[in-house]
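Engineer: First, the structure itself, so that you have it in front of you.
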Amino acid sequence: MRVFKFGGASVKDAEGVKNLVKVLNETGHEDMLIVVSAMGKTTNTLERVIQNYFDNYSEFKNSLQEIHTSHNEILSQLFKTESHPIFSKINNLFIELTTFFSSNKSPDYNFVYDQVVGFGELISTLIISAYLNEIGIKNQWLDIREFIKTDNYYRNAKVNWKATQALISKQIKTNTLNITQGFIASDSNNFTTTLGREGSDYTAAILAYCLNANSVTIWKDVPGVLNADPRYFQNPQLLKEISYREAIELAFYGASVIHPKTLQPLQQKEIPFFVKSFLNPKEDGTCIGKSKKIDPLIPCFIVKKNQVLIELSSLDFSFMLEENISEIFQLLHLYKMKVDVIQNSAISFSVCIENNYNNLNKLVLHLKAKFKVICNTNVDLYTIRHYNDNAITQLEEQKTILLKQIHNETVQIVTK
Ligand code: ASP
Ligand code: MG
């Protein structure tokens, strides 16, 4: 059996849903499990709803209504009559969501977030499943929360592989077409959890692993994995083949086309992973798999915008040694900073970090009590895998270089 995953961009409107059907008709859809994300930017809007619920209640209703309206529009373009049961099914989900908000007593932002944000996936999969059934592609809708079990670390829950494997092997039929949600799961109390933003690829990988799938295909708005992000680099080239190891490295350094957690389960069972364009489903795209080499072997550019470079030195001219460095790392962990690059010399220690949780001011204040601190915000971190001189020169052109580090086949450059 095969696992397909369609992301939010592929089903952003009624046209997108119809295009999904076109893809299925071209690829066939026997013995298949399809994972679907929330439509378009729904997850971002739901994040806004949650923010408003906590901090800006006057906007709360409007933001929720925005989501309801946009889905109603898609529904009315896909189904001829409003008497189709899907209309009341979707309406009921919105009632369920409103009821959750009005009865919720938990002040825990992360808990509330997870109970709410996955409605985007529930809605999109119900619509798509109903539409496919309507046009004669018979399928089974599954609530993935009944199969993927996690701990209760809300917003970035960790999979309980044993429980998940048992539920999936026992209850998911592979000789049929199944449609289900990415991103969400549930904890041991059956509360909804999420696997982290953009986590639907990971869901596809979990299912493929537990079902021993023949392949996983992620349908994107790009032709496959490119050697550079087209938003920031001109003339990106398609990578036709990559090894699991290379793909894991690219994802680790921030290549946004692959979710970092996705590859390890697939590598373990050597399940081939394809990244293809939903606009040109017949094209090969990229294949990530066993005994593949990177082809073509060209420099790969990854950029992370808006990072922070912190340079630390001791206040008393003492060396930056184990003791200081371990203290710095404790603080980085405390303030949930994601560390991208570190570099140290005898008297200074630099770290390039991602300030995802808005804790930078607190961190700097804390560090200043112990160290001399220079903090550069809004810097860009470039990584080049398989670099050559030409690639570095091209990248450094017209930029101020704040830090540069070369190891094996990788160079990392922090610029302003
Ligand atoms: N809808 C979720 C998100 O946008 C999950 C996903 O798309 O992978 O983060
Ligand atoms: Mg999404």
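The values are calculated or read from the model by the stated rules, or taken from the named source; none is laboratory data. Small disclaimer: the values here were computed from a predicted structure and weren't measured. Ideal geometry is used to build each Cβ from the backbone, glycine not excepted, and the neighbour counts take in all protein chains shown. For the accessible areas, the whole protein counts, side chains as well, though only heavy atoms, and no ligand, DNA or RNA atoms are used. Shrake-Rupley method; radii C 1.70, N 1.55, O 1.52, S 1.80 Å.
Engineer: Under 7 Å by Cβ, and 6 or more places apart or on different chains, what pairs join a residue from region 36-60 that is at pLDDT 95 or above with one that is of a type in the set (Lys, Arg)?
Structural biologist: Once the first residue is at pLDDT 95 or above and sits in region 36-60, its partners that are of a type in the set (Lys, Arg) give Met39/Lys12; Gly40/Lys12.
Engineer: Identify, from the list Leu312, Leu332, Leu360, Leu365, the residue that is of a type in the set (A, V, I, L, M), open to solvent by 30 Å² or more (accessible area, probe 1.4 Å), out of contact with any helix residue (DSSP H, G or I) (no Cβ under 6 Å at 6 or more places or on another chain) and more than 17 Å from Thr415 (Cα to Cα).
Structural biologist: One residue alone meets the criteria, Leu365.
Engineer: Take Ser88 and decide whether it is among the hydroxyl-bearing types (Ser, Thr, Tyr) and in contact with a helix residue (DSSP H, G or I) (Cβ under 6 Å, 6 or more places away or on another chain). Lay out the reasoning, then the answer.
Structural biologist: Details: among the hydroxyl-bearing types (Ser, Thr, Tyr): yes; in contact with a helix residue (DSSP H, G or I) (Cβ under 6 Å, 6 or more places away or on another chain): no.
No: the conditions fail for Ser88.
Engineer: Can you go through Ile34, Ile67 and tell me which one is assigned to a helix (DSSP H, G or I), surrounded by 17 or more Cβ atoms within 10 Å (Cβ to Cβ) and within 16 Å of ligand 1 (Cβ to nearest atom)?
Structural biologist: One residue alone meets the criteria, Ile67.
Engineer: Output yes when any residue across region 99-118 is under 13 Å from Met39 (Cβ atoms), touching a helix residue (DSSP H, G or I) at 6+ places or on another chain (Cβ under 6 Å) and either among the polar types (S, T, N, Q) or within 16 Å of ligand 2 (Cβ to nearest atom) (or both), and no when none is.
Structural biologist: no
Engineer: Might you check whether a residue that is crowded, with 20+ Cβ neighbours inside 10 Å, in contact (Cβ under 8 Å) with a residue 40 or more places away in the chain and touching a Cys at 6+ places or on another chain (Cβ under 6 Å) occurs anywhere in region 221-240?
Structural biologist: yes
Engineer: Mind counting the residues in region 391-416 that are free of Cβ contacts under 8 Å to residues at least 40 places away in the same chain, open to solvent by 60 Å² or more (accessible area, probe 1.4 Å) and either over 22 Å from Ser243 (Cβ atoms) or polar (S, T, N, Q) (or both)?
Structural biologist: The number of residues fulfilling the criteria is 9.
Engineer: Mind listing whichever residues of region 231-241 are farther than 19 Å from Gln394 by Cβ and either in a loop (DSSP other than H, G, I, E, B) or within 20 Å of the chain's Cα centre (by Cα) (or both)?
Structural biologist: Answer for region 231-241, where residues must be farther than 19 Å from Gln394 by Cβ and either in a loop (DSSP other than H, G, I, E, B) or within 20 Å of the chain's Cα centre (by Cα) (or both): just Lys240.
Engineer: May I ask you to list the residues in region 380-406 that are part of a loop (DSSP other than H, G, I, E, B) and among the aromatic types (Phe, Trp, Tyr)?
Structural biologist: If we filter region 380-406 for residues that are part of a loop (DSSP other than H, G, I, E, B), which is where we start, we get 386-388, 397-400.
Selection gives Tyr387 alone.
Engineer: Something else about it: What number of residues within region 203-230 are among the aliphatic types (A, V, I, L, M), assigned to a loop (DSSP other than H, G, I, E, B) and within 16 Å of ligand 2 (Cβ to nearest atom)? Please lay out each step first, then the result.
Structural biologist: The first filter runs over region 203-230 and keeps only residues among the aliphatic types (A, V, I, L, M), leaving 204-208, 211, 213, 216, 218, 222, 225-226, 228.
Checking the rest, the ones that are also assigned to a loop (DSSP other than H, G, I, E, B) come to 213, 222, 225.
When the remaining residues are screened for being within 16 Å of ligand 2 (Cβ to nearest atom), the result is 222.
The qualifying residues number 1.
Engineer: With the condition being within 30 Å of Val21 (Cβ to Cβ), I'd like the helices (runs of 4 or more DSSP H) fully within region 258-370 carrying at least 3 qualifying residues.
Structural biologist: 263-268
Engineer: What is the one condition in (1) touching a Phe, Trp or Tyr at 6+ places or on another chain (Cβ under 7 Å); (2) open to solvent by less than 30 Å² (accessible area, probe 1.4 Å) that Ile258 does not satisfy?
Structural biologist: Exception for Ile258: condition (1).
Engineer: Here's a follow-up. Given the condition modelled with pLDDT of 90 or more, acidic (Asp, Glu), on the phi < 0 side of the Ramachandran plot and more than 15 Å from ligand 1 (Cβ to nearest atom), answer yes or no: does some residue in region 262-270 qualify?
Structural biologist: Going through region 262-270, the residues modelled with pLDDT of 90 or more turn out to be 262-270.
From the residues that got through so far, the ones that are acidic (Asp, Glu) too are 270.
This time we only want the ones that are on the phi < 0 side of the Ramachandran plot, so: none.
Looking through region 262-270, none of the residues is modelled with pLDDT of 90 or more, acidic (Asp, Glu), on the phi < 0 side of the Ramachandran plot and more than 15 Å from ligand 1 (Cβ to nearest atom).
Engineer: Sticking with this one: Taking Val373 as meeting all but one of (1) among the β-branched types (Val, Ile, Thr); (2) more than 31 Å from the chain's Cα centre (by Cα); (3) at pLDDT 90 or above; (4) open to solvent by 50 Å² or more (accessible area, probe 1.4 Å), write down the number of the exception.
Structural biologist: Here Val373 meets the rest and fails (4).
Engineer: When the residues of region 179-191 are narrowed to those that are surrounded by 24 or more Cβ atoms within 10 Å (Cβ to Cβ) and more than 11 Å from ligand 2 (Cβ to nearest atom), which ends up nearest to the chain's Cα centre (by Cα)?
Structural biologist: By that ranking, first place goes to Ile184.
Engineer: If you don't mind, there's one more thing I want to ask. Looking at region 10-31 only, could you name the residues that are open to solvent by 50 Å² or more (accessible area, probe 1.4 Å) and either within 14 Å of ligand 1 (Cβ to nearest atom) or aromatic (Phe, Trp, Tyr) (or both)?
Structural biologist: Residue satisfying the conditions is Lys12 alone.
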